[in-house]
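Participant: Pasting in a structure now, in structure tokens, and then I'll have a few things to ask.
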Amino acid sequence: MKTIWEITQETKNLPQLHKPLFIEGLPGIGNVGKIAVDYLVEEFNAIKLYSFFSHKFPNSVFVNENNLVEMPVLEIYYKKFNNPKKRDLLLLVGDIQPIDEESCYTFCEEIIKIAKNFKCTEIITTGGIGLQHIPEKPKLFCTANTDKLLKEYLKKEMLVEKQIFGIVGPIMGVSGILLGLGKKRDMPGVSLLAETFAHPMYLGIKGAKEILRAVDTKFKYNIDLKKMSKEITQVEKEIMKKTTEWASEMPHATSAGAQAKKQEANYIG
């Protein structure tokens, strides 16, 4: 099948990466995953490696701070640590998710090909579990496409909830399909999902911090979580009053994604 994705290499030469870990963070409930992985790109001064274009992009553009239009982007960045004790990183970020089933599957096929070309042995996808209230201390859940990998993330020091079955339903979008296709393509993967408030205007920074805490616990990247804590305090002062109003106006959270099986809301990658 002819690919619908135009992939542009943004570097002159491809980097030689040491045991790279692939982490996805695209928009979803609370933008939890996007916030987390965007933070890694900024924190580590990661370098743009690939950009993607498709006629399957949403039929809209953004207006930037210079009053000019910009196309939505999907990009992969990389970070070399030059340290044999640290795994290098491949980071998938962007403004959008593929808009339909076909484009989501074909996009994930391209991502898995890239991950395999760099000899990745693990993909981490990220996202939010939407609640009908603002969680004071978001819980972190995970699922995986291999039992072995799941057990690694359920160790005590990871502070991950032991049970996800019955908490969320199907995981839709790239965060889910990357794991499903990864199982078929022999690419182990895990999804880290943090609780957040299921309102389209809410920023799930606390949930993003929980995801980064777990990644840092396992892989020892020395992520500056104190810096993120300061950002949480600043943002919460600005939006807490507004989100309280949103909560009172929103008896039922709705959006594309996985329906929670309890009285919680839903999830998308």
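The values are calculated or read from the model by the stated rules, or taken from the named source; none is laboratory data. Keep in mind that what you see is a predicted model, and the values were worked out from it rather than measured. As a convention, Cβ positions derive from the backbone with ideal geometry for all residues, glycine included, and neighbour counts pool all protein chains shown. Please note that ligands, DNA and RNA were not included when accessible areas were found on the heavy atoms of the full protein model with its side chains. Shrake-Rupley method; radii C 1.70, N 1.55, O 1.52, S 1.80 Å.
Participant: Give the residue that is farthest from Asn117 (Cα to Cα), with candidates limited to residues of the stretch 47-72 that are among the charged types (D, E, K, R) and modelled with pLDDT of 90 or more. Even if it seems obvious, please write down each step before you answer.
Facilitator: Kept after step one, since they are among the charged types (D, E, K, R), are these residues of the stretch 47-72: 48, 56, 65, 70.
Those left that are additionally modelled with pLDDT of 90 or more: 48, 70.
Details: Lys48: 17, Glu70: 30 Å.
Checked the stretch 47-72; the qualifying residue farthest from Asn117 (Cα to Cα) is Glu70.
Participant: Filter the stretch 177-189 down to the residues that are outside any helix (DSSP H, G or I) and either surrounded by fewer than 24 Cβ atoms within 10 Å (Cβ to Cβ) or free of Cβ contacts under 8 Å to residues at least 60 places away in the same chain (or both) and list them by number. Outline the logic, then answer.
Facilitator: Let us first name the residues in the stretch 177-189 that are outside any helix (DSSP H, G or I), namely 185-189.
Scanning the stretch 177-189 gives Arg185, Asp186, Met187, Pro188.
Participant: Taking the stretch 219-228, which residues are crowded, with 19+ Cβ neighbours inside 10 Å and assigned to a helix (DSSP H, G or I)?
Facilitator: Met228
Participant: Okay, moving on. Restricting to the stretch 84-114, name every residue that is within 18 Å of Lys34 (Cα to Cα), buried (at least 18 other Cβ atoms within 10 Å of the Cβ) and not hydrophobic (A, V, I, L, M, F, W, C).
Facilitator: Residues satisfying the conditions are Gly94, Gln97, Pro98.
Participant: A further question follows. If the requirement is being open to solvent by less than 10 Å² (accessible area, probe 1.4 Å), among the aliphatic types (A, V, I, L, M) and modelled with pLDDT under 90, which of these qualifies: Leu140, Leu131? Walk me through it before giving the result.
Facilitator: Working: Leu140 fails: modelled with pLDDT under 90.
When all the criteria are applied, what remains is Leu131.
Participant: Which residue, of Glu70, Glu42, Glu10, Glu65, is open to solvent by 80 Å² or more (accessible area, probe 1.4 Å), over 30 Å from Lys206 (Cβ atoms) and not small (Gly, Ala, Ser)? Outline the logic, then answer.
Facilitator: Details: Glu70 fails: over 30 Å from Lys206 (Cβ atoms); Glu42 fails: over 30 Å from Lys206 (Cβ atoms); Glu65 fails: over 30 Å from Lys206 (Cβ atoms).
Unique residue meeting the criteria: Glu10.
Participant: Looking at (1) modelled with pLDDT of 90 or more; (2) touching a strand residue (DSSP E or B) at 6+ places or on another chain (Cβ under 6 Å); (3) part of a loop (DSSP other than H, G, I, E, B), can you tell me which one Leu193 breaks?
Facilitator: Just one mismatch for Leu193, condition (3).
Participant: Residue pairs, Cβ under 8 Å, 6 or more apart or interchain, first in the stretch 134-158 and of a type in the set (Lys, Arg), second outside any strand (DSSP E or B). List them.
Facilitator: Partner pairs satisfying both residue conditions: Lys137/Lys206; Lys139/Glu161; Lys139/Glu210; Lys148/Pro188.
Participant: Among the numbered criteria (1) open to solvent by 40 Å² or more (accessible area, probe 1.4 Å); (2) under 16 Å from the mean Cα position of the chain (by Cα), which one does Asn117 miss?
Facilitator: (2)
Participant: Still on this structure, please answer the following. Mind checking which residues of the stretch 143-176 are open to solvent by 20 Å² or more (accessible area, probe 1.4 Å) and among the hydrophobic types (A, V, I, L, M, F, W, C)?
Facilitator: Ala144, Leu150, Leu154, Leu159, Ile164, Phe165, Ile167, Ile171, Met172
Participant: Mind checking which residues of the stretch 23-35 are open to solvent by less than 20 Å² (accessible area, probe 1.4 Å) and over 14 Å from Val174 (Cβ atoms)? Give the derivation first.
Facilitator: Restricting attention to the stretch 23-35, the residues satisfying the condition of being open to solvent by less than 20 Å² (accessible area, probe 1.4 Å) are 23-26, 29-30, 32-33.
Hit for the stretch 23-35 is Gly30, nothing else.
Participant: If only one of Gly204, Gly269 is surrounded by 15 or more Cβ atoms within 10 Å (Cβ to Cβ), closer than 28 Å to Asn145 by Cβ, at pLDDT below 80 and touching a strand residue (DSSP E or B) at 6+ places or on another chain (Cβ under 7 Å), which one is it? Let's see the steps before the verdict.
Facilitator: Working: Gly204 fails: at pLDDT below 80.
The unique qualifying residue is Gly269.
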